[in-house]
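Chemist: Once you've had a glance at the structure underneath, I'll fire off some questions.
The values are calculated or read from the model by the stated rules, or taken from the named source; none is laboratory data. Remember, predicted model here, so these are calculated numbers, not experimental data. With ideal geometry, Cβ positions are generated from the backbone for all residues, glycine too; neighbour counts draw on all protein chains shown. Each accessible area value is taken on the protein alone, full model and side chains, heavy atoms only, with ligands, DNA and RNA left out. Shrake-Rupley method; radii C 1.70, N 1.55, O 1.52, S 1.80 Å.
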Amino acid sequence: MYVVESKGGAIACMLLALFFLGTWPALLTLLERRGRLPQHTYLDYSITNLLAAVIIAFTFGQIGESTAEAPNFLIQLSQDNWPSVLFAMAGGVVLSLGNLSTQYAWAFVGLSVTEVITSSITVVIGTTLNYFLDDKINRAEILFPGVGCFLLAVCLGSAVHASNAADNKAKLGGMSNANGTRAERVPASQGTYSNTVGTKDLENGISTLEKAKAGTAGFLIELENRRAIKVFGKSTFIGLSITFFAGGCFSLFTPAFNLATNDQWDTLKDGVPHLSVYTAFFYFSVSCFVLAIILNVTFLYHPVLNLPRSSLRAYLRDWNGRGWALLAGLLCGFGNGLQFMGGQAAGYAAADSVQALPLVSTFWGILLFGEYRKSSKRTYIFLLGMLSMFIVAVGVLMASAGHRK
């Protein structure tokens with residue numbers, strides 16, 4: 001099997017994983033804003049997420065000569081390594097719960113802030129656990145200041161959300177006062193621009209001559225009318241609760257994977273080799289897939305957050321945006337695989353630097369969805385501070401990378 005042995009190779013894996021893991025949430029957010037049910041989207045996503053793990057296992061996991069100490073993927077499937085397999089599957093369960101939760105949190109809290117809070121919680125808890133599981137191969141004097149930067153980012157991310165929510169409330173209140181009616185009933189044509197050539201609507205994939213400017217009250221109302229998850233009138237506490245729950249789940253999946261591949265607790269019998277990254281990732285993804293299917297099929301018939309009821313037949317007939325959902329699953333699957341490959345070589349604490357993925361997600365959020373357009377100066381100050389902390393944090397965590405012996 002192929003093994004990443006150099007520190008440079010490990011960092012390359014982390015950087016590529018950072019891009020992949022920061023991009024797939026934008027694709028799922030795009031589909032929710034188009035009005036596609038999140039249950040349909042997540043079922044599609046789950047299929048290709050598992051497919052990515054299978055591809056990695058049968059390529060990187062089968063490359064090269066198999067040895068007794070480092071057997072290839074297919075050989076490990078028949079070995080007595082169930083304690084490690086269970087750790088890998090436990091990691092897949094908590095990741096599946098976290099990913100499923102964030103899909104709903106994005107609607108309430110926004111793509112950028114959701115990713116900031118969940119990633120920061122992941123680093124603060126998960127990186128600390130991985131540091132001790134990895135026998136302190138990372139440089140603590142560099143690693144923990146990086147963790148501190150992520151902790152500051154949690155506070156700044158919460159401030160961004162609170163400030164932006166106040167900005168949106170003021171915009172809607174201003175429209176209501178100007179028109180003497182409830183904001184929800186005002187036509188979305190308020191605050192529009194004309195373009196004789198026409199513009200392409202990234203959310204609907206159609207060309208229009210007129211649409212609401214991003215950041216205006218009209219834009220917010222237009223989005224609310226179109227999206228699948230309705231958020232007007234809902235408490236922000238719902239979104240933040242879902243976000244913090246997701247962050248707690250994310251903080252446990254890399255330590256579980258670390259235990260699966262390195263057996264720090266000596267659960268394997270003598271002579272049984274450790275699970276390779278590829279075998280562990282396969283079992284990890286299988287459990288993630290199974291739980292996702294069970295939960296989302298249940299949510300089709302018993303939806304949450306007042307979503308409309310659906311069915312398997314309706315899901316199978318829903319091809320609107322299916323390609324984007326399938327692509328998101330591939331990006332997430334390959335991103336997780338690359339993160340684990342880099343972590344096995346340089347330490348899983350350093351590999352948690354990919355949790356700086358909000359840098360990528362915020363870029364997509366601003367570019368595609370108009371997040372923070374026409375916000376207050378206070379919101380922009382908090383946003384700049386949040387992103388600055390992430391830039392510092394990812395550099396510090398990568399600089400702390402060690403080398404596993």
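Chemist: When the chain is fully extended, how far beyond the present Cα-Cα distance does L86 get from T67, taking 0.36 nm per residue of separation?
Modeler: Residue separation times 0.36 nm, minus the Cα-Cα distance, leaves 4.5 nm.
Chemist: Also, quick follow-up: Show me the ranking of peptides 244-253, 21-30, 309-318 by mean Cβ neighbours inside 10 Å, starting with the highest.
Modeler: Listed from highest to lowest mean packing, they are 21-30, 244-253, 309-318.
Chemist: Can you tell me the length gained on complete extension of the stretch R317 to W265, counting 0.36 nm per residue apart and subtracting the Cα distance?
Modeler: Residue separation times 0.36 nm, minus the Cα-Cα distance, leaves 14.0 nm.
Chemist: What is the extension gain from F237 to L367, computed as 0.36 nm multiplied by their sequence separation minus the C-alpha to C-alpha distance, in nm to one decimal?
Modeler: Gain on stretching F237 to L367: 44.1 nm.
Chemist: If each of L151 and Y2 carries a label point 7 Å out from its Cα toward its Cβ, how far apart are those two points in nm?
Modeler: Result: 3.9 nm between the two label points.
Chemist: Sticking with this structure for a sec: Does region 216-319 come out rounded, prolate or oblate by the C-alpha gyration tensor, with a ≥ b ≥ c the root eigenvalues, rounded set by a/c under 1.5 and, if not, prolate when a/b is larger than b/c and oblate if not?
Modeler: Because a/c hits 1.5 or more and a/b exceeds b/c, region 216-319 counts as prolate.
Chemist: In square angstrom, what is the accessible area per residue of region 82-145 with a 1.4 angstrom probe?
Modeler: On a per-residue basis, 30 Å².
Chemist: Using alpha carbons only, how many angstrom separate the centre of region 239-288 from the centre of region 88-109?
Modeler: One Cα centre to the other: 15 Å.
Chemist: Quick one: grab the alpha carbon gyration tensor of region 63-165, order the square roots of its eigenvalues as a ≥ b ≥ c, and give me rounded if a/c is under 1.5, else prolate or oblate depending on whether a/b is larger than b/c.
Modeler: Here region 63-165 falls in the oblate category.
Chemist: Further question: By its C-alpha gyration tensor, with a ≥ b ≥ c as the square roots of the eigenvalues, how is region 246-390 shaped: rounded for a/c under 1.5, else prolate for a/b larger than b/c, else oblate?
Modeler: oblate
Chemist: I need the calculated FRET efficiency for the pair L77 and V297, taking r as the beta carbon distance and R₀ as 30 Å, to the nearest 0.05.
Modeler: Using R0 = 30 Å, I get an efficiency of 0.65.
Chemist: Still on this model: Counting heavy atoms of the protein chains only and a 1.4 Å probe, report the per residue accessible area for region 218-291 as a whole number of Å².
Modeler: Per-residue accessible area for region 218-291 comes out at 38 Å².
Chemist: Now a separate question. For a protection proxy built on the mean count of beta-carbon atoms within 10 angstrom, sort 103-113, 367-377, 282-292 highest first, please.
Modeler: Peptide ranking by packing, descending: 103-113, 282-292, 367-377.
Chemist: Carbon-plus-sulfur fraction of the accessible area of region 1-119, 1.4 Å probe, in percent?
Modeler: 71
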